[in-house]
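Written out below as structure tokens is the structure these notes cover.
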Amino acid sequence: MGLELVENEDIMTCLDAKENLSMLKELGYKIYIDDFGSGYSNFAYLTKIDIDYLKIDGALISNIDVDKNSYLVVESIVDFAKKFGIKSIAEHVHSSTVMDKVKELDIEYSQGYYIDMPSLDLDML
């Protein structure tokens, strides 16, 4: 059971939000940060909230096989996450060359068209 959060400034500054997330963690929920590497992305954010998984933004992942800067940014994010005991998830893995780089960076989990097509769960509607 998990809760996926999109980063925003409110979560960083709202004491109630941090307390509620702590309470959910105590109940066994896993906390995911979605699209890390875009928007409000901030390494300090990861020190303020006890998260379990970091989903690295697809705009960075989708280019790590051809763009050295994207690769270096992702490498930094993964290294930081590992030091904090946070597992990382690569979003938008769309090719074997991107998957090779994801493996090279030792990213624990991957998602994207290379792995499988997304499905629509009609029971969720």
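The values are calculated or read from the model by the stated rules, or taken from the named source; none is laboratory data. The structure presented is a predicted model; accordingly, all values stated were derived computationally and were not measured. Glycine gets a Cβ as well: all are built from the backbone with ideal geometry, and neighbour counts include every protein chain shown.
The residues of the range 67-100 that are of a type in the set (Gly, Ala, Ser) and either under 16 Å from Gly37 (Cβ atoms) or touching a Phe, Trp or Tyr at 6+ places or on another chain (Cβ under 9 Å) (or both), listed by number, are Ser70, Ser76, Ala81, Ser88, Ala90, Ser95, Ser96.
Among the conditions (1) more than 20 Å from Leu46 (Cβ to Cβ); (2) out of contact with any helix residue (DSSP H, G or I) (no Cβ under 6 Å at 6 or more places or on another chain); (3) of a type outside the set (D, E, K, R), His92 misses just one, which is (2). Is it the case that Leu72 is within 29 Å of Leu24 (Cβ to Cβ) and hydrophobic (A, V, I, L, M, F, W, C)? No: the conditions fail for Leu72. Does Glu4 satisfy the condition of being assigned to a strand (DSSP E or B), loosely packed, with under 15 Cβ neighbours inside 10 Å and either over 16 Å from the mean Cα position of the chain (by Cα) or at pLDDT 65 or above (or both)? Yes. For the range 24-117, the helices (runs of 4 or more DSSP H) that sit wholly inside it and include 2 or more residues that are surrounded by 20 or more Cβ atoms within 10 Å (Cβ to Cβ) and in contact (Cβ under 8 Å) with a residue 24 or more places away in the chain are 68-83, 96-104.
Number of residues in the range 7-39 that are modelled with pLDDT of 80 or more, touching a Leu at 6+ places or on another chain (Cβ under 6 Å) and closer than 21 Å to Ile77 by Cα equals 2.
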